[in-house]
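The values are calculated or read from the model by the stated rules, or taken from the named source; none is laboratory data. What you are looking at is a predicted structure, and each value in this text was computed from that prediction instead of being measured. Reconstructed Cβ throughout: ideal geometry from the backbone, glycine too, with neighbour counts over all protein chains shown.
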Amino acid sequence: MTDRLKLGLAGLGTVGSGLVRLMAARGSSLASRAGKPIEIVAVSARNKRKKRDVDISQFRFVGDPVALARDPEIDVFVELIGGEGGVAKEAVEAALKAGKHVVTANKALLAHHGASLAALAEKHGVALNFEAAVAGGIPVVKVMRESLKGSDISRVYGILNGTCNYILTLMEREGRSFAEALKEAQAEGYAEADPGFDIGGFDTAHKLALLTSLAFGTRPAFESVYVEGIETIAPADIEAADGLGYRIKLLGVALRTESGIEQRVHPTMVPKETAIAEVDGVSNCVAIDGDFVGDVMLIGPGAGAGPTASSVMSDLLDIARNHILAPFATKAKDLMPYKKAQMRTHEGGYYIRLSVFDRTGAFAAIATRMADQGISLESIVQRLASAELPGVHRRREGTPATVVMITHQTTEAAIRKALQSIARDGHVEAKPQMIRIEKL
C-alpha cells in the first residue's frame with residue numbers, strides 16, 4: 001500500500017457524523033478497497049464542545065474551515081457545511097487553490113457556482129466530487145458522469161426531495177391535510193422547523209440544476225429553473241387524482257427541446273401504473289432517458305446519515321484510486337451556456353380544479369374560455385356528493401361546486417390565459433388549481 005489519504009472534514013452535522021461512524025466501522029475494508037488507508041486527521045465545526053453522538057477527540061480541531069482547507073497535512077477537504085456562499089464557498093475555493101481534492105454534499109453551492117469551481121479544480125488538477133449532493137445514497141452522479149456517456153440523454157427527471165414525497169404520501173394514504181402532514185414530517189425529523197426550502201421546491205431545483213449539467217453538458221443554471229412547491233396541494237386534489245388514475249408527486253424535470261432546455265420543478269400527476277408513482281415516503285427516484293441505453297431508473301434513500309455518508313465515501317474511494325474526472329463530465333471550458341426553453345411553450349396535459357359559483361351560465365362561460373385558447377377537454381367532472389364519489393360531502397344549495405377538468409395536450413401559455421380569463425369573469429370562488437400531467 002502507498003501512503004494514507006488524509007482528510008480534513010468541515011461540518012459535523014448529520015452527514016459529517018455519519019461519515020465518522022462509517023469510517024470507524026469500515027476502516028480496514030475501506031483501506032483494502034482504496035489501496036491505501038483513508039483517515040480523518042482534522043475536523044472543523046462551529047462549536048467544538050457541542051454534544052455529539054460521535055467522538056471527535058481523536059481528531060485535531062481547527063476552528064476556521066478555511067484554514068482547514070489550506071492545511072498542509074490534508075489531501076482532501078470534505079465540505080459538509082452547506083449553503084450557497086459564505087464560508088462554505090470560501091473554504092472550497094481555498095482548498096482547490098491549494099491543490100486539495102474536494103468532496104462536497106453542497107448542492108446549493110454547486111448549483112450557483114459549479115462552473116467556476118469546476119474550472120478551478122481542473123486548473124489545479126484536483127477532483128471536485130459531489131455524489132452526495134443529489135439524491136442521497138443513489139449513485140446517480142457516477143452513473144451520469146461515467147456509465148451513460150455512450151448515450152445522448154434527452155430527459156432526466158425524478159423525485160428529488162424526501163420531505164415533499166413523505167408529505168404527499170401521508171396526504172394520500174391517511175387523508176391528511178397539507179398542514180397536518182407537514183406537522184408530522186417535522187415531528188419525525190423529515191422536515192425542518194422552517195420547511196420552506198423543501199416544500200417550496202428549491203431543494204429539488206438545486207439538485208435538478210446539477211443533473212441538467214451532467215445530462216446536457218451545460219453550465220449549471222439554477223436561476224433558470226421554473227419552481228413551484230407543494231403548498232397549494234389540497235386533499236381534494238389527492239382524491240381527484242386517485243379517482244382519475246394518478247398520483248401526485250413533486251418532480252424535477254429537465255428536457256431537451258428544439259428551443260432549448262426546460263428545467264422545471266412542480267407538483268405533477270403521474271399515472272398509477274408507472275414505477276415512479278410507487279416511490280413513496282422519503283425515498284427518491286431519478287429516471288434518465290437516453291437514445292442507445294433507453295430508460296434507466298434509480299430508486300433509493302434520498303437523505304439520511306448513512307446513505308449520504310456512503311455517497312461521500314464513494315467519492316473518496318475514487319480519489320484514493322486516483323480516478324479523477326471533470327466534475328460535470330465535460331471539461332469546464334467546454335460546458336455550453338445554458339439556453340432556456342420558454343416554459344410557456346411546454347406542451348402536455350393538465351389537471352384543473354375550479355370552485356365554481358352555482359349560477360346560470362357559469363359552466364358555459366368556463367367552457368368558452370377554454371375553447372378560446374384551443375384547449376380540448378378529455379374529461380370534466382362536477383364533484384357532487386353521490387355513491388360514486390366517496391368522501392365528497394353534500395354541498396349546501398348555493399355554495400360553489402368543485403369542478404375537475406383534464407385537458408388533452410396543450411401549451412402552458414394557453415392554459416394560463418384561459419385560467420386568467422376564467423378568474424376575471426368572476427365565476428370562481430378562489431384561484432384555480434393547475435397541476436401538470438407528465439408523460440412518462
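Test A193 against the stated conditions and say whether it is free of Cβ contacts under 8 Å to residues at least 12 places away in the same chain, farther than 12 Å from I159 by Cβ and outside the structural domain of A105 (by TED's automatic domain parsing). So A193 fits the description; yes. For segment 168-188, residues that are closer than 14 Å to I233 by Cβ, of a type outside the set (S, T, N, Q) and surrounded by 14 or more Cβ atoms within 10 Å (Cβ to Cβ) total 10.
The numbered conditions (1) buried (at least 21 other Cβ atoms within 10 Å of the Cβ); (2) more than 26 Å from R321 (Cβ to Cβ) are all true for E79 except (2).
Quick one: is T14 at pLDDT below 95, out of contact with any Ser or Thr (no Cβ under 6 Å at 6 or more places or on another chain) and surrounded by 15 or more Cβ atoms within 10 Å (Cβ to Cβ)? Spell out how you get there, then give the answer.
Details: at pLDDT below 95: yes; out of contact with any Ser or Thr (no Cβ under 6 Å at 6 or more places or on another chain): yes; surrounded by 15 or more Cβ atoms within 10 Å (Cβ to Cβ): yes.
Considered against the rule, which asks whether it is at pLDDT below 95, out of contact with any Ser or Thr (no Cβ under 6 Å at 6 or more places or on another chain) and surrounded by 15 or more Cβ atoms within 10 Å (Cβ to Cβ), T14 comes out as yes.
Give A119, A135, A181 a once-over and let me know the one that is within 19 Å of L325 (Cα to Cα) and not β-branched (V, I, T).
Details: A135 fails: within 19 Å of L325 (Cα to Cα); A181 fails: within 19 Å of L325 (Cα to Cα).
The conditions single out A119.
From the list V87, V126, V102, the lone residue that is in contact (Cβ under 8 Å) with a residue 12 or more places away in the chain and part of a helix (DSSP H, G or I) is V87. Please verify whether segment 155-164 includes one or more residues that are touching a strand residue (DSSP E or B) at 6+ places or on another chain (Cβ under 9 Å), farther than 18 Å from P301 by Cβ and among the aromatic types (F, W, Y). Yes, segment 155-164 contains a residue that is touching a strand residue (DSSP E or B) at 6+ places or on another chain (Cβ under 9 Å), farther than 18 Å from P301 by Cβ and among the aromatic types (F, W, Y).
Of the strands (runs of 3 or more DSSP E) that lie entirely inside segment 195-301, those containing 1 or more residues that are under 11 Å from the mean Cα position of the chain (by Cα) span 246-257, 260-271, 283-290.
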